[in-house]
1. Which of the residues that make up the range 110-126 are away from the ligand (no atom under 16 Å from the Cβ) and more than 10 Å from residue 75 (Cα to Cα)?
2. Any residue at all in the range 208-225 that's hydrophobic (A, V, I, L, M, F, W, C), free of Cβ contacts under 8 Å to residues at least 60 places away in the same chain and in contact with a Phe, Trp or Tyr (Cβ under 8 Å, 6 or more places away or on another chain)?
3. Is it the case that residue 192 is under 23 Å from residue 122 (Cβ atoms) and either within 15 Å of the ligand (Cβ to nearest atom) or of a type outside the set (Ser, Thr, Tyr) (or both)?
4. Using the structure shown, decide if residue 88 is modelled with pLDDT of 95 or more, of a type in the set (S, T, N, Q), touching a helix residue (DSSP H, G or I) at 6+ places or on another chain (Cβ under 7 Å) and within 16 Å of the ligand (Cβ to nearest atom).
5. Determine the pairs where a residue that is closer than 27 Å to residue 16 by Cβ, located within the range 226-245, has a partner that is more than 7 Å from the ligand (Cβ to nearest atom) and of a type in the set (Asp, Glu) with Cβ atoms under 8 Å apart, the partner being 6 or more residues away or on another chain.
6. Please pick out the residue among 103, 141, 96, 135 that is loosely packed, with under 15 Cβ neighbours inside 10 Å, among the aliphatic types (A, V, I, L, M) and in contact (Cβ under 8 Å) with a residue 24 or more places away in the chain.
7. Among the residues of the range 169-185, is any of a type in the set (Gly, Ala, Ser), within 14 Å of the ligand (Cβ to nearest atom) and over 18 Å from the mean Cα position of the chain (by Cα)?
8. Specify the residue that is nearest to residue 25 (Cα to Cα); the eligible residues are those in the range 207-252 that are near the ligand (Cβ under 8 Å from one of its atoms) and touching an Asp or Glu at 6+ places or on another chain (Cβ under 6 Å).
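The values are calculated or read from the model by the stated rules, or taken from the named source; none is laboratory data. The model shown is predicted, which means the values in this text are computed figures rather than measured ones. Methodologically, a virtual Cβ is constructed for each residue, glycine included, from the backbone with ideal geometry; neighbour enumeration extends over all protein chains shown.
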Amino acid sequence: MEKNQPKKYIAANWKMYMLPEEAKTYWQTWALKPKLSSALEVIFFPPAWCWTTAQAQNHQLATSQAKSWSWGAQNIAFEDWGAYTGENSPKAAQSLGAQWVLLGHSERRSLFAEDSGLIKKKWLKAQSLGLKVMLCIGETLTQRQNRSWPQVLTHQLQEVLLDSQGEPKTPLTIAYEPVWSIGTGVTPTPEDITATHKHIQSTLRELFPQATIPILYGGSVKPGNAREILKLPEVDGVLVGGASLKVEDFYSIAQAALT
Ligand code: PGA
């Protein structure tokens with residue numbers, strides 16, 4: 001990465017994997033790795049049962065700036081507290097040190113019927129608490145093939161972000177994750193990623209003329225393809241699922257952003 005280039009985001013989505021003791025070992029191993037550039041922002045999205053481990057391990061790293069990482073919830077409720085059995089309180093996440101929330105992941109949308117109305121409520125809640133948001137959007141294979149993806153992505157952004165009373169109150173990033181690429185080993189071509197990110201960028205510019213909103217790519221990012229994806233000027237980082245579960249793989253993806 002050249003001097004003065006904007007920072008890149010390297011985010012790990014651990015999904016419903018990892019025991020607390022495994023997470024502890026992971027972060028302890030991460031802490032022993034050579035320093036990464038401060039031009040990288042490393043973010044972990046652990047499952048909720050690893051939040052206290054994240055809090056403890058993150059605290060121990062507080063003095064080592066170049067190896068520091070932040071973390072966030074994979075999903076939050078739209079209220080601070082309440083009779084919401086099985087939900088994750090954003091207040092609890094925050095009080096344990098979470099700075100981020102991941103919203104609208106395609107697995108939440110398709111498997112748990114989260115629609116844009118619900119995601120919008122969560123986005124408003126996150127902003128009211130001062131949490132940073134990584135909002136996931138992405139088209140299905142059919143939508144890619146029938147070329148409706150530009151409208152699909154624009155709608156996904158508008159339905160959540162429109163009418164949000166001016167510019168975002170907390171930092172917002174977008175993770176473009178084509179549904180057909182998540183966990184499949186198939187990725188779009190660099191040309192397609194570039195064109196799609198440009199489209200997202202122009203939609204965001206209409207929604208929020210003043211804000212700088214980084215756009216990450218996600219879907220089958222691995223050590224072997226990370227460099228090719230991260231070197232694209234339109235790509236501000238990557239959101240990594242499967243390959244983030246192995247500390248060596250995730251670390252080499254982070255390193256790929258620097259070369
Ligand atoms: P994957 O998942 O890297 O395993 O494709 C990405 C994601 O779901 O965020």
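1. In the first step, residues of the range 110-126 are kept if they are away from the ligand (no atom under 16 Å from the Cβ); the result is 113, 115-118, 120-126.
Passing the criteria: 113, 115, 116, 117, 118, 120, 121, 123, 124, 125, 126.
2. So in the range 208-225, the residues hydrophobic (A, V, I, L, M, F, W, C) come out as 208, 211, 213, 215-216, 221.
From what's left, free of Cβ contacts under 8 Å to residues at least 60 places away in the same chain: 208, 211, 213, 215, 221.
So of that shortlist, the ones also in contact with a Phe, Trp or Tyr (Cβ under 8 Å, 6 or more places away or on another chain) come out as 215.
There is at least one residue in the range 208-225 that is hydrophobic (A, V, I, L, M, F, W, C), free of Cβ contacts under 8 Å to residues at least 60 places away in the same chain and in contact with a Phe, Trp or Tyr (Cβ under 8 Å, 6 or more places away or on another chain).
3. Values: under 23 Å from residue 122 (Cβ atoms): no; either within 15 Å of the ligand (Cβ to nearest atom) or of a type outside the set (Ser, Thr, Tyr) (or both): yes.
Taking the combined requirement at face value, the residue does not satisfy it.
4. Working: modelled with pLDDT of 95 or more: yes; of a type in the set (S, T, N, Q): yes; touching a helix residue (DSSP H, G or I) at 6+ places or on another chain (Cβ under 7 Å): yes; within 16 Å of the ligand (Cβ to nearest atom): no.
In short, no.
5. Listed pairs, sorted by first residue: 237/41; 243/249.
6. Working: 103 fails: loosely packed, with under 15 Cβ neighbours inside 10 Å; 96 fails: loosely packed, with under 15 Cβ neighbours inside 10 Å; 135 fails: loosely packed, with under 15 Cβ neighbours inside 10 Å.
Residue meeting the stated conditions: 141.
7. Kept after step one, since they are of a type in the set (Gly, Ala, Ser), are these residues of the range 169-185: 175, 181, 183, 185.
After this cut, where a residue has to be within 14 Å of the ligand (Cβ to nearest atom) as well, the list is 175, 181, 183, 185.
With the extra rule that they be over 18 Å from the mean Cα position of the chain (by Cα), the set shrinks to 185.
Checked against the condition, which is being of a type in the set (Gly, Ala, Ser), within 14 Å of the ligand (Cβ to nearest atom) and over 18 Å from the mean Cα position of the chain (by Cα), the range 169-185 yields at least one hit.
8. If we take residues in the range 207-252 being near the ligand (Cβ under 8 Å from one of its atoms) and touching an Asp or Glu at 6+ places or on another chain (Cβ under 6 Å), then 243 is nearest to residue 25 (Cα to Cα).
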